1. In the list 76, 113, 80, which residue meets the criterion of being modelled with pLDDT of 95 or more, out of contact with any strand residue (DSSP E or B) (no Cβ under 7 Å at 6 or more places or on another chain) and either surrounded by fewer than 16 Cβ atoms within 10 Å (Cβ to Cβ) or at positive phi (or both)?
2. Go through the residues of the stretch 96-107 one by one and say whether even a single one is over 17 Å from residue 20 (Cα atoms), surrounded by 19 or more Cβ atoms within 10 Å (Cβ to Cβ) and at pLDDT below 95.
3. Consider the stretch 179-192. How many of its residues are within 29 Å of residue 48 (Cβ to Cβ), surrounded by fewer than 16 Cβ atoms within 10 Å (Cβ to Cβ) and touching a helix residue (DSSP H, G or I) at 6+ places or on another chain (Cβ under 8 Å)?
4. Only residues that are part of a helix (DSSP H, G or I), free of Cβ contacts under 8 Å to residues at least 40 places away in the same chain and surrounded by 13 or more Cβ atoms within 10 Å (Cβ to Cβ): list them for the stretch 193-209, please.
5. Go through the residues of the stretch 162-170 one by one and say whether even a single one is under 30 Å from residue 25 (Cβ atoms), at pLDDT 95 or above and under 15 Å from the mean Cα position of the chain (by Cα).
6. In the stretch 124-136, how many residues are over 13 Å from residue 32 (Cβ atoms), at pLDDT 95 or above and either outside any loop (DSSP other than H, G, I, E, B) or in contact with a helix residue (DSSP H, G or I) (Cβ under 9 Å, 6 or more places away or on another chain) (or both)?
7. Against the condition touching a strand residue (DSSP E or B) at 6+ places or on another chain (Cβ under 8 Å), modelled with pLDDT of 95 or more and not in a helix (DSSP H, G or I), how does residue 157 come out, does it pass?
8. Give the number of residues within the stretch 1-21 that are modelled with pLDDT of 90 or more, touching a helix residue (DSSP H, G or I) at 6+ places or on another chain (Cβ under 8 Å) and more than 23 Å from residue 142 (Cα to Cα).
C-alpha cells in the first residue's frame, strides 16, 4: 500500500502520483516557465533557484517543463527548499534537439509529443504562473496563459513576470494594443511585474491565502477547460 501524505492545502495524494492523479486534486501549484538555455553559472539561474527554494519552503507544488536551464534551476531549488517533502516537483517534458532529457530533480513526470497537449496540462495544473527570462517558447507560454484568461477558458491566475526583459513588452501592450482598443483594460489586471524574488513571493502568498479561504470554490471555472 502506498503511503499517503498531504499537501499544504490539506488534500491527500499518493507519493509518486501520476500527473493524471494530480489533476484530480484541488492542490495549490506554482508554474515556472523559462529558458532551457541558461547555464548554472548565470546569475539568472541562481535567482530562479532561490525563488523556487522559497516556493518549496512554503510547501507549494512546483510545475516546470522538466528540462534544463531555468526549469532545472526551479526544480533543484524546490528540492532544496522542500526538506519535509510536503510538496511535489512536477515536470512536463517534450522532446527537442536541445532538451531531450528530463532534469534529475523531478518527483512527478509526464512526457509529451505535442506542444499543444503539454500547454493544456500546464493550464489545468496551475494556480499561479511565473514567467522568467526566455525566448520564443517562454513567450508562447506567456501568451497562451494570457489569451486563455482573456477568453475565460481558465481562471484569472496571476501571471508574474520576473526579469526586466519583460517590462518593455508590457509597455508595448499598453502603448499600442490597449491604447488603440485592441485589448481591454481588464486584460491587464492579472499581469504583475516582479523585479525581485521577494515581490514574486508576495504575490504567490497572497494568491495562496485566497486559495486557502475559497477551498473547493477557488477558480471552479477551471473545470470548463477540458483535457482530452
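The values are calculated or read from the model by the stated rules, or taken from the named source; none is laboratory data. Owing to the predicted nature of the structure, the values given are computational and were not obtained by experimental measurement. Backbone-built Cβ (ideal geometry, glycine too); neighbour counts: all protein chains shown.
1. Every option except 80 fails the conditions.
2. yes
3. Within the stretch 179-192, residues that are within 29 Å of residue 48 (Cβ to Cβ), surrounded by fewer than 16 Cβ atoms within 10 Å (Cβ to Cβ) and touching a helix residue (DSSP H, G or I) at 6+ places or on another chain (Cβ under 8 Å) number 1.
4. Once the filter is applied, which keeps residues that are part of a helix (DSSP H, G or I), free of Cβ contacts under 8 Å to residues at least 40 places away in the same chain and surrounded by 13 or more Cβ atoms within 10 Å (Cβ to Cβ), the stretch 193-209 yields 199, 202.
5. The answer is yes, given that some residue of the stretch 162-170 is under 30 Å from residue 25 (Cβ atoms), at pLDDT 95 or above and under 15 Å from the mean Cα position of the chain (by Cα).
6. 1
7. Against the criterion (touching a strand residue (DSSP E or B) at 6+ places or on another chain (Cβ under 8 Å), modelled with pLDDT of 95 or more and not in a helix (DSSP H, G or I)), residue 157 does not qualify.
8. Adding up the residues that qualify gives 0.
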